[in-house]
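In what follows, a structure is listed as structure tokens, so that the remarks can point back to it.
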Amino acid sequence: MPLPTRPLRKLGFLTIGLFDPTDPAAGHESTLRIIELGERLGFDSAWLRHRHLQFGISSPVAVMAAASQRTSRIELGTAVTPLGWENPLRLAEDLATVDLLAGGRINPGVSVGEPMHYDTVKHELYPDSAELEDFSYGRVERFARLVAGERVREFSGKQGVVEEFSNRVEPHSAGLRGRLWYGAGSTKSAVWAGANGFNLLSSSVIFPGKDQEPDFARVQQAQIRAFREAAATSVHSHAPARVSQGLVVIPTDSASAGQREKYQRYVEERTPRTTAPQGPRGMMFARDLIGSSEEIAEQLYAHAGFQEVDEVAFALPFSFDHEDYVQILKDIAGKLGPALGWTPADDHQPSSQ
């Protein structure tokens, strides 16, 4: 096995929070139990996908609030919240509130762009302004300014006997701005994130440039390097820029024969999309990594994108059962993480940011 360039510093996982529409409470409870398990296993972070009008978590802020009261150390994040569905001021209020409740453990990840299938929801989402909404980077910049505590208005102070007003988003959570992440899939968005003081979430989906060979790992490596170069000279930098990689890994060390068969079918169904760029933008998908922890570690060490990072948020497969996630998380924490040089966090100490 090749030696790592540096040990893995932070190990996290990402879940969609799948639920049965006939019993959605059970699915949400399962997600909370998985996060609790992650903390006990020493994971540094747990991340929630954001799904609207689907059977996955639609309100990760609410789920993070619940998880914050059932954990004490593990960082909680979103990967990612599409801001096209959000009012930036209201989202800034909610995130600051949850961050305070969590003791400064929230890592909001966001993305820009028009909501998925916008034509089917725009008249419910924005009945009076559907054609006027700005889904550009400007929406993200506004959100970041509000999180940072910049002035919203001139009006502030006491009015009447008891009403007192602020000119910034309240509550304000100091440090939250430095924990904002951007989910970038292209070099352009990676550079923008670095230049504007965001950390970078690089996932298993990317868009290569016109002059780049369709090699997922090399394209991801180039995007991460471009992000770091932009972040190094950014006037918005709050601290050394962080980068997290989010590939799908499925260790089978302790899996039953039935689980291994199910996992293999899942990977085989998804593999064809990884063989060539997809769609007009040439979207590229990373291969799911399945096998023993030793086999997966060897593949990661050889992955040009992984070689650029020292923290990861491995994505859990979408459609598995609770006991499958328990097995996978236990193998990641007990075998794969250590094979990558990672040391489990101490449950009694906050995870360093």
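General observations
- Residue within the range 320-330 that is surrounded by 18 or more Cβ atoms within 10 Å (Cβ to Cβ) and among the polar types (S, T, N, Q) present: yes
- All positions within the range 246-292 that are more than 30 Å from Trp181 (Cβ to Cβ), touching a residue at least 40 places away in the same chain (Cβ under 8 Å) and part of a helix (DSSP H, G or I): Gln259, Lys262
- Checking each residue in the range 97-109 for being in a helix (DSSP H, G or I) and either polar (S, T, N, Q) or open to solvent by 50 Å² or more (accessible area, probe 1.4 Å) (or both) picks out Thr97, Leu100, Leu101.
- When we screen Asp99, Asp134, Asp128 for residues that are under 30 Å from Glu36 (Cα atoms) and not aromatic (Phe, Trp, Tyr), the only hit is Asp99.
- Restricting the range 34-56 to residues that are more than 23 Å from Lys330 (Cα to Cα) and hydrophobic (A, V, I, L, M, F, W, C) leaves a set whose member that is surrounded by the most Cβ atoms within 10 Å (Cβ to Cβ) is Phe55.
- Check on Val243, within 19 Å of the chain's Cα centre (by Cα), within 27 Å of Pro317 (Cβ to Cβ) and in contact (Cβ under 8 Å) with a residue 40 or more places away in the chain: yes
- Considering the range 289-309, and only residues there that are farther than 24 Å from Ile34 by Cβ and within 21 Å of the chain's Cα centre (by Cα), the residue that is most open to solvent (accessible area, probe 1.4 Å) turns out to be Gln307.
- In the range 18-33, the condition of being open to solvent by less than 10 Å² (accessible area, probe 1.4 Å) and either in contact (Cβ under 8 Å) with a residue 60 or more places away in the chain or assigned to a loop (DSSP other than H, G, I, E, B) (or both) is met by no residue.
The values are calculated or read from the model by the stated rules, or taken from the named source; none is laboratory data. Quick caveat: nothing in here was measured; it's all calculated off a predicted structure. Ideal geometry is used to build each Cβ from the backbone, glycine not excepted, and the neighbour counts take in all protein chains shown. All accessible areas refer to the heavy atoms of the entire protein, side chains included, with ligands and DNA or RNA removed. Shrake-Rupley method; radii C 1.70, N 1.55, O 1.52, S 1.80 Å.
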